[in-house]
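Participant: Got a structure for you, questions after.
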Amino acid sequence: MNPAPSPVAVTGLGLLTPAGEGTEAAWRAVLAARCLAARDTALTGLPVDFSCRVPLDDKALDRRVGRKSWRMGRPAKFAVLAAREAVHDAGLTPADWDSTRVAVVIGCGMGGLEEVEAQHLRLEQHGAHQVSALAIPKIIPNLAAGEVAIDLDARGISLAPATACASGATAIAMARDLLSTGLCDIAVAGGTEAAVSRLATAGFWRMGALSERTHAPAEASRPFAADRDGFVMAEGAGVLVLERAADAAARGARPRALLTGYGSSTDAHHPTAPPEGATGAEAALHAALAEAGISPYDVDHVNAHGTSTPLNDTTEAALISRVLPHRPSITAPKGVLGHTLGAAGAIEAALTVLTIQHRRIPPIANLQAPAPEFDLDCVTKQPRTQDIHAALSHSFGFGGHNVVLTLQRP
């Protein structure tokens, strides 16, 4: 087993989710285990017409962001708000830090798809002169990282990984490496997504990836249930502040948790489907354990990718049972929040940190018991109190991207 690297402290969290603004809102929602999916008027007429939206309309979102919001796409606005909360939670003040030593790594899987649709409509109906001069900055996925860096005056390395539904977790892993190699002293890392558009919804539906429970949207997302039929489109952002543990201790900051390792791999198998046996995901899981210097039997809890799709949940359940046969507790936040795509890995990492910190495991929404073929200890119905020393957060994305994060109690 490889020696464990120097741990990285998670000193701040910021969340903007379908539960509302702020980390506490998201935490309360997942503990309550009620799916937040509802009818979405923007999707009216489509075969799937419901989603999990952030409950802030454009005017409210602009008020929160402030005077520069006019130039930002929705993913960037989400990221800015989540990053502000995370930095505040960490007890840091941008005016006081060495901005050249602050990195920003914000993953985004799809960029501003709603803006693509809106500007294309303008082009077709009114001509090129009516296309917004801000169309491209509002569309391209790296502008979330760019606007966070501007908002925080962070002048260090800035990156925008796009690994589909693993983007947020990839960002956290990359930030860990920047800290470990001394390329920054503070990393603001996470993911954002605002892709609940007609085009994306229709595309995912045509793939057979979405739940079709249009008669009962709040029952649609049901990870690991026998009758699951797909995921629910969602949006949001999650941001973590990471620092070397020694640096956090030197300034008197108390870590919420430690990021002690990660594993990343690529399936090199299929654009959207995992290989039989989840060999790539298993490699990432073993790498995450090895880097943290722990064995599979040290894992107390898993925050599963748990998309509620038939194939993903079957593959992931088999992976967990094979590599972690001692049956650690399992939760899956997408049952409540839906699938926030590029933001999911960061949001779920933040929720894993809270689970470790509060010693409470959120139950999986819409799940009475896992499908009979799954040998999993899924937490259902009520939150479970558990002393957690080590937890894993799984993120898997189209393109065969696999990321597993190891988080431990300080």
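Participant: Within the chain, which DSSP H helices have Cα atoms that stretch 18 Å or more along the helix axis and a mean Kyte-Doolittle hydropathy of at least -1.0?
Facilitator: The qualifying helices are 74-89, 167-180, 279-292, 310-323, 344-358.
Participant: If you don't mind, another one. Charges on Cβ only, +1 for Lys and Arg, -1 for Asp and Glu, centred on the Cα centroid of the range 8-395; of 317, 208, 109, which one is farthest towards the dipole's positive end?
Facilitator: Result: 109.
Participant: I've got another one for you. Fewest to most neighbouring Cβ within 10 Å: what's the order for 215, 358?
Facilitator: In increasing order of surrounding Cβ atoms, one gets 215, 358.
Participant: Now for a different question. What does the C-alpha gyration tensor say about the overall shape of the chain? Classify as rounded when a/c is under 1.5, otherwise prolate if a/b is larger than b/c, or oblate.
Facilitator: In terms of gyration-tensor shape, oblate.
Participant: Classify the range 28-124: rounded, prolate or oblate, from the alpha-carbon gyration tensor (a ≥ b ≥ c, eigenvalue square roots; a/c under 1.5 rounded; otherwise prolate if a/b is larger than b/c)?
Facilitator: Taking the square roots of the gyration eigenvalues as a ≥ b ≥ c, the range 28-124 is oblate.
Participant: For the range 8-395, give the magnitude of the charge dipole about the Cα centre (Cβ charges: +1 Lys/Arg, -1 Asp/Glu; no others), in debye to the nearest 20.
Facilitator: For the range 8-395, the charge dipole is close to 820 debye.
Participant: Moving on. Once amide H atoms are placed 1.01 Å from N in the peptide plane, what residues at a sequence separation of 5 or more from residue 103, or on another chain, have their amide H within under 5 Å of its amide H?
Facilitator: Residues meeting the criterion, in which the H sits 1.01 Å from N, are 185, 186, 187, 188.
Participant: Given the chain, what count of lysine pairs have C-alpha atoms under 19 Å apart, with each pair 8 or more places apart or on different chains?
Facilitator: The number of close lysine pairs in the chain is 7.
Participant: If you restrict to DSSP beta bridges whose two residues both lie in the chain, what percentage is antiparallel, to the nearest 5?
Facilitator: If I count the DSSP bridges inside the chain, around 70 percent turn out antiparallel.
Participant: Ok, one more. Quick one: Karplus J couplings for the range 213-225, per residue in order, coefficients 6.51, -1.76, 1.60, θ = phi - 60°, nearest Hz, x for Gly and Pro?
Facilitator: Running phi through 6.51 cos²θ - 1.76 cosθ + 1.60 with θ = phi - 60° gives 7, 5, 6, 8, x, 5, 10, 6, 8, 9, x, 6, 7 Hz.
Participant: Using modelled backbone amide H atoms (1.01 Å from N, in-plane), which distant-in-sequence or interchain residues come within less than 5 Å of residue 401's amide H?
Facilitator: Long-range HN contacts for residue 401: 267.
Participant: Let me ask something else about it. Relative contact order of the chain, please, whole-number percent, based on alpha carbon pairs below 8 angstrom and at least 6 residues apart.
Facilitator: Once divided by the residue count of the chain, the mean separation gives 25 percent.
Participant: Kindly write out, for the range 129-134 in residue order, the coupling ³J(HN,Hα) from the Karplus curve 6.51 cos²θ - 1.76 cosθ + 1.60 (θ = phi - 60°), rounded to whole Hz, with x marking Gly and Pro.
Facilitator: Listing the rounded values in order: 5, 9, 6, 5, 5, 9 Hz.
Participant: Now, a different point. Going toward the positive end of the dipole of the range 8-395, with +1 on Lys and Arg Cβ and -1 on Asp and Glu Cβ, which of 178, 262, 281 do you reach last?
Facilitator: Value: 178.
Participant: OK, next. What ³J(HN,Hα) values, in whole Hz, does the Karplus curve 6.51 cos²θ - 1.76 cosθ + 1.60 give for the range 302-309 when θ = phi - 60°, with x put for Gly and Pro?
Facilitator: 10, 8, 7, 4, x, 7, 6, 8
Participant: For the range 308-410, what class follows from the C-alpha gyration tensor (a ≥ b ≥ c being the square roots of its eigenvalues): rounded when a/c is under 1.5, otherwise prolate if a/b is larger than b/c, else oblate?
Facilitator: Here the range 308-410 falls in the rounded category.
Participant: Treating the beta-carbon of each Lys and Arg as +1 and of each Asp and Glu as -1, no other charges, what is the dipole magnitude of the range 1-119 about its Cα centre, to the nearest 20 debye?
Facilitator: 160 debye
Participant: Would you pull out the residues with amide H under 5 Å of residue 386's amide H, same chain only if 5 or more places away, H placed 1.01 Å from N?
Facilitator: Excluding prolines and chain starts, which carry no amide H, the hits are 360, 361.
Every number in this text was worked out from the coordinates using simple rules, so none of it is lab data. Just so it is clear, the model here is predicted, and its values are computed rather than measured. When we count neighbours, we look across all protein chains shown, and the Cβ atoms used for this are built from the backbone with ideal geometry, even at glycine.
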